[in-house]
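Participant: Structure below; questions to follow.
The values are calculated or read from the model by the stated rules, or taken from the named source; none is laboratory data. What you are looking at is a predicted structure, and each value in this text was computed from that prediction instead of being measured. Ideal geometry is used to build each Cβ from the backbone, glycine not excepted, and the neighbour counts take in all protein chains shown.
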Amino acid sequence: MQLAFSDELKGRKFWFNNIIKQEAEKLVDLVKEDKSVTVFIDNLYSNVDALNVLKEAQNIKLVLAERALNYEYIKKFLNISSDRIVDISELNKNDIQMICKSMNRSSSDAFGLMTENQNISLLEIVFYTATSTQIQERIKSYVKDLKKYKDSNLKIDLLELFVLVNYTSYCGVPCSMDMMYFYFSDCIESYEDIFYALEKMNRIIVESDDYDLYDKSQDYKVMRSKLFAEKSF
């Protein structure tokens, strides 16, 4: 949205969180005489029908956004080279400073939050000054996506995996591979089944940084965001 409303990008611009096929067809007709049109679509997973219409228009540039969780599904509808895919999960100090400046807020507190959690997320920074209800609404949206996600190769319920790792993170304990294997022992055949599920959530569940405190013969997972874990619980 910040890019869509910036002055740096010229021409007509449209941003959609939800757009159906019929609306996309009307938009294509509306801008057919324009040479410079940019359409931003968030939540691409829910707007694939509209995407299939818009991508055929020669005068429309598309900027698409979706969580990593749904990328495996939507990539079959795209013909995009890897260098045109931007991962915005990771933030550095310059990113945080610019975000705080745009919010007229000192970045010192945000840097403190970053020190406590190396995998600080954009959501945490943006909602750092907002109410917990707003953060929880975003969490509800993520949980809804987990419930809907389908993959015939998955042997682990992603929502259940989310709850398990979230609970241990909330308690201040990383979730070991042994813990996950024991918990899901009734539905998996090997550790590979756990790794496959974790790959689907590698933007929200990450490696623990406290390697020195635990047995180095296995991996330990935590929620990437302490704030996310607290509000999810």
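Yes or no, residue by residue, for (1) out of contact with any Phe, Trp or Tyr (no Cβ under 8 Å at 6 or more places or on another chain); (2) modelled with pLDDT under 70:
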position	(1), (2)
Ile60	yes, no
Tyr73	no, no
Asn92	yes, no
Ala110	no, yes
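Participant: Oh, and also: Pull out all pairs, ordered by first then second residue, where Cβ-Cβ is under 9 Å, the residues are six or more apart or on different chains, the first lies in the range 138-157 and is outside any helix (DSSP H, G or I) and at pLDDT below 90, and the second is loosely packed, with under 11 Cβ neighbours inside 10 Å and small (Gly, Ala, Ser).
Facilitator: Nothing qualifies.
Participant: Scan the range 5-62 for residues that are assigned to a loop (DSSP other than H, G, I, E, B) and of a type in the set (A, V, I, L, M, F, W, C) and report the count. Full working, then the answer.
Facilitator: Within the range 5-62, the subset assigned to a loop (DSSP other than H, G, I, E, B) is 5-11, 17-20, 31-36, 42-43, 47, 55-59.
Remaining after also requiring of a type in the set (A, V, I, L, M, F, W, C): 5, 9, 19-20, 31, 57.
Within the range 5-62, residues that are assigned to a loop (DSSP other than H, G, I, E, B) and of a type in the set (A, V, I, L, M, F, W, C) number 6.
Participant: Based on this model, can you work out whether Phe228 counts as surrounded by 21 or more Cβ atoms within 10 Å (Cβ to Cβ), at pLDDT below 85 and not polar (S, T, N, Q)? Please lay out each step first, then the result.
Facilitator: Numbers: surrounded by 21 or more Cβ atoms within 10 Å (Cβ to Cβ): yes; at pLDDT below 85: yes; not polar (S, T, N, Q): yes.
Yes, satisfied.
Participant: Here's a follow-up. Hey, any hits in the range 39-48 for a residue that's of a type in the set (D, E, K, R), surrounded by fewer than 16 Cβ atoms within 10 Å (Cβ to Cβ) and either out of contact with any helix residue (DSSP H, G or I) (no Cβ under 7 Å at 6 or more places or on another chain) or modelled with pLDDT of 90 or more (or both)? Spell out how you get there, then give the answer.
Facilitator: Going residue by residue through the range 39-48, those that are of a type in the set (D, E, K, R) are 42.
This time we only want the ones that are surrounded by fewer than 16 Cβ atoms within 10 Å (Cβ to Cβ), so: none.
Among the residues of the range 39-48, not one is of a type in the set (D, E, K, R), surrounded by fewer than 16 Cβ atoms within 10 Å (Cβ to Cβ) and either out of contact with any helix residue (DSSP H, G or I) (no Cβ under 7 Å at 6 or more places or on another chain) or modelled with pLDDT of 90 or more (or both), which makes the answer no.
Participant: In the range 169-188, what residues are modelled with pLDDT of 90 or more and either assigned to a loop (DSSP other than H, G, I, E, B) or in contact with a strand residue (DSSP E or B) (Cβ under 7 Å, 6 or more places away or on another chain) (or both)? Steps first, answer last, please.
Facilitator: Just the residues of the range 169-188 that are modelled with pLDDT of 90 or more, to begin with: 175-188.
Across the range 169-188, the qualifying residues are Cys175, Ser176, Phe184, Ser185, Asp186, Cys187, Ile188.
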